[in-house]
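A.B. asks: Take a look at the following structure, please.
The values are calculated or read from the model by the stated rules, or taken from the named source; none is laboratory data. Model, not experiment: these values are computed from the prediction. Every residue, glycine as well, gets a Cβ built from its backbone with ideal geometry; the counts of neighbours run over all protein chains shown.
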Amino acid sequence: MAESICRALRDGALEGELAPALTIKDSVASPFALQVFSHVLSQLFSSILAGKSQSRGLVVVSFSRSPSFYLDLLKNKGTDIASSNNQIQILDCYSDPLGWKDQLAGSRNFTALSNEVLVSSTAIVFREVKHMDKLYNSIIELGKGLVGGGKIRFSIAIDSVDEMLRHAPVSSVARFLSNLRSHDQISSIFWLLHSDLHEARVTAVLEYLSSIVASLEPSHQLANGQRGDLENFSLIKHNSKKGKFHVRFKKRNGRVRVMSEEVHIELSGINFTSLPSEGAINQGLVPKVQFSLQLSEKERIDKANVVLPFEHQGNGKPIQIYDGRRSLVDGKHERPFAAVENVQTNENCGSGEIIYYRDSDDEMPDSDEDPDDDLDI
Amino acid sequence: MAAAKTRTSTFSRNLSTAAPSHGPGLKCGPNGTVFLSSGIPDLDKILGGGFPLGSLVMVMEDAEAPHHMLLLRNFMAQGLVLGQHLLYSSPARDPRGFLGTLPSPAASKDDKSRERDPDQEKGLRIAWQYKKYFGENQLDGQRDGKHEYSNEFDLRKPLERHFINGPRIDCVSIQDCPDLSTLRDRCATFLSQFPRNDGSISCAGRIAIQSFCAPQRAYSNMEWDMLSFIRSLKSMVRSSNSVAIITFPPSLLSPSFCKRWQHMADTLLSVKAIQDEDKELAQLLTGYQDMVGFLNVHKVARINTQVPVILEATTFSIKLQKRRYLVLECLNQAPVDGSSGTSYGTSGGCSSSSKTGNLDF
């Protein structure tokens, strides 16, 4: 649940442990990771402002969006940016990640043609995204600038690890993330990932490095290759507003907690509601039983109504012996367990009946005596 | 009928009278193998004595749970307590930090049970013909012998500093090394201290490599190089008196390499996480609340013999008794609808069924 995620990030890291790390993962079928990321970001920031969280500052490393996006986002959520200057810093890896503008400006003597609003008090441009070590150092510096040295911690939000993986190999990104997690002053860290952009191994690596994995899936799986169908159009439309949100928490005792929710995207933001169907998704180790051994209520009543096939039911009817000339009406029987030799149902009556005709006179008739009576114990 | 008589036959086994005396922590096993303890007495029992010297143990981690660390901790602590040498490598910058989390042997538990025994004896009425099997000497001897070979570890008590600071530990951090040559050289120098010859073994060595293909390691995408490292380590270990244990997360390897690595192992174990609050699993297994994970034994080392080990059960639950002692238990399937738990080893658990029968045909 989104609440538990935000709580986990708020509570932060224990002494001597790695900081909790969250991966928010989505795919083309359900592309809401940015909304979830923004939600988590704004929740965490408001708890930092309110002083309810372990961390005292937030560093946003933005690769895919301009810093003004985050500032606007936080402003829209009602947090006052101007007064909270010393609690958020943005490392701008979006404007000029490889330092080209600098090179252009330097070599040709013309001013950069950017018309971004300078928010230089909160955003610092970073120009060397290929060097993970320098990125690491800049982040730590920014964070220390926010909260000072010592034991005070800060949190990190990385918008889109995908961009990092464009510039640097997986192993250096992995080393970068695990070094951040093991730094003493980092309280929590979370990042965004679009799983379609990478091979499965890369996603596996990022999941390995995180302690909480939140993934977004479409509520209805679309059938492949039938995109033109009318049915699928409505499903696609459905999927563009709703999705399923699965979270796997790696707990300290070694157990994994799995939770699911439904996610609705609205103009105002994102809403999490609990799943309408059964609770947590069970990807269990439980072996599936092939048949059902339990009776539903209706079945139980039907079972009670069945008259068992003793030859005489004590109601005065003559005993009939099947003589081969009668044609017995076959009906369909619908009972989950059928136990007797000749089971036929009368088409007329609604419930089931067991009709038994003794084949011939040679067979012993059912008697009322209990055959165990003559046992000498 | 009569009291047990020793069988005499014309065939008598030619036991060499001088069983080679080994250093502490080593036990002779069948087929001329010598075992050393894994640090977990239950695991030793399951594997038929322990890890044989010269074998390579591989543990497949689960990315979602740190249970392989439990196995490693016990393994390393056992070696240190018995004075065996240890080489440890981890993906962290400072592997020595991990040594601070090693557990200390739980000595007090045994003393308590030793005191209790004579009282219990008086309460128990043992049939007279069996009394001779309960002689005091036997129990004592067994216990002392056990301490020399394996200990139970208290995971809440850290190992005493003098064990950790001794000269017998070597730590290797290869986070920044671009390739495996450093690690290979360190392993080679370490193992050269324990060459195998026919005489008695003075001391044994243990190598523990944690998360071998972890993504932080620079060589983690050089799959063939890692495989050849494992192969050379295995051959170095085979000709020395030591045991190497390597843990790795199989989800980070490509499937074909994962299979190759599994084939390389002499003993192959895997750990799996348990889902929390899983109602179906809770109904299926007794004792679900105390379990922290599953341990699967896929392969058991058989050196010097062609007879394979066939275990009664291959899946065990990992439990922490009193949150301190690691125990492995067979899975007990709660009496349920008759689902065939073919993937689990089951032993008849006769606990009372939690389901009241709807099934009263």
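A.B. asks: Can you pull out every residue in segment B:195-211 that is surrounded by fewer than 23 Cβ atoms within 10 Å (Cβ to Cβ) and basic (K, R)?
C.D. replies: Listed by number, the list holds a single entry, B:R196.
A.B. asks: Being more than 13 Å from every other protein chain (Cβ to nearest Cβ) and farther than 15 Å from B:R206 by Cβ is the filter here, so list the residues in segment B:86-108 that pass it.
C.D. replies: Hits for segment B:86-108 are B:R96, B:P103, B:S104, B:P105, B:A106, B:A107, B:S108.
A.B. asks: Now a separate question. Quick one: B:V300 ticks every box in (1) within 11 Å of chain A (Cβ to nearest Cβ); (2) under 20 Å from B:L71 (Cα atoms) bar one, so which box is it?
C.D. replies: (1)
A.B. asks: Within segment B:298-313, track down each residue that is outside any strand (DSSP E or B) and under 20 Å from B:D62 (Cβ atoms).
C.D. replies: B:A313
A.B. asks: Another question about this same structure. Among the numbered criteria (1) over 24 Å from A:G12 (Cβ atoms); (2) at pLDDT 85 or above, which single criterion is violated by A:D102?
C.D. replies: Status for A:D102: all satisfied but (2).
A.B. asks: Still on this model: May I ask you to say which residue of B:G79, B:G83, B:G49 is away from chain A (no Cβ under 14 Å) and either free of Cβ contacts under 8 Å to residues at least 60 places away in the same chain or among the charged types (D, E, K, R) (or both)?
C.D. replies: B:G49
A.B. asks: Go through segment B:258-297 and report how many residues are assigned to a helix (DSSP H, G or I) and either among the β-branched types (V, I, T) or within 11 Å of another protein chain (Cβ to nearest Cβ) (or both).
C.D. replies: Adding up the residues that qualify gives 9.
A.B. asks: For segment A:173-192, what are the residues that are among the aliphatic types (A, V, I, L, M) and either not in a helix (DSSP H, G or I) or not assigned by TED's automatic domain parsing to the domain that holds A:S138 (or both)?
C.D. replies: A:I186, A:I189, A:L192
A.B. asks: From the list B:T305, B:T315, which one is of a type in the set (V, I, T) and more than 11 Å from every other protein chain (Cβ to nearest Cβ)?
C.D. replies: B:T305
A.B. asks: Taking the residues in segment B:144-182 that are under 24 Å from the mean Cα position of the chain (by Cα) and among the hydrophobic types (A, V, I, L, M, F, W, C) as candidates, determine which candidate is surrounded by the most Cβ atoms within 10 Å (Cβ to Cβ).
C.D. replies: Per the stated criteria, the residue is B:F153.
A.B. asks: Tell me which residues, restricted to segment B:283-323, are among the polar types (S, T, N, Q) and over 14 Å from B:S270 (Cβ atoms).
C.D. replies: Passing the criteria: B:Q283, B:T286, B:Q289, B:N304, B:T305, B:Q306, B:Q321.
A.B. asks: List every residue pair whose Cβ atoms sit under 6 Å apart, with the two residues 6 or more apart in sequence or on different chains, where the first one lies in segment B:173-186 and is part of a loop (DSSP other than H, G, I, E, B) and the second, anywhere, is modelled with pLDDT under 80 and of a type in the set (A, V, I, L, M).
C.D. replies: B:P178/B:A218
A.B. asks: Tell me yes or no: at least one residue of segment B:212-225 is crowded, with 17+ Cβ neighbours inside 10 Å, more than 14 Å from chain A (Cβ to nearest Cβ) and touching a strand residue (DSSP E or B) at 6+ places or on another chain (Cβ under 6 Å).
C.D. replies: Within segment B:212-225, not a single residue is crowded, with 17+ Cβ neighbours inside 10 Å, more than 14 Å from chain A (Cβ to nearest Cβ) and touching a strand residue (DSSP E or B) at 6+ places or on another chain (Cβ under 6 Å).
A.B. asks: Which numbered condition in (1) within 13 Å of chain A (Cβ to nearest Cβ); (2) crowded, with 17+ Cβ neighbours inside 10 Å; (3) out of contact with any His (no Cβ under 8 Å at 6 or more places or on another chain); (4) not in a helix (DSSP H, G or I) is the only one that B:S251 fails?
C.D. replies: So B:S251 meets the others, but not (4).
A.B. asks: Name, by its number, the condition in (1) surrounded by fewer than 22 Cβ atoms within 10 Å (Cβ to Cβ); (2) closer than 21 Å to A:S53 by Cβ; (3) more than 14 Å from every other protein chain (Cβ to nearest Cβ); (4) in contact with a Leu (Cβ under 8 Å, 6 or more places away or on another chain) that does not hold for A:G149.
C.D. replies: (4)
Okay, residues lined up against (1) at pLDDT below 80; (2) more than 21 Å from B:D170 (Cβ to Cβ); (3) buried (at least 24 other Cβ atoms within 10 Å of the Cβ):
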| position | (1), (2), (3) |
| --- | --- |
| B:M1 | yes, yes, no |
| B:R13 | yes, yes, no |
| B:S21 | yes, yes, no |
| B:K27 | no, yes, no |
| B:D44 | no, yes, no |
| B:F51 | no, no, yes |
| B:M60 | no, yes, no |
| B:Q84 | no, no, yes |
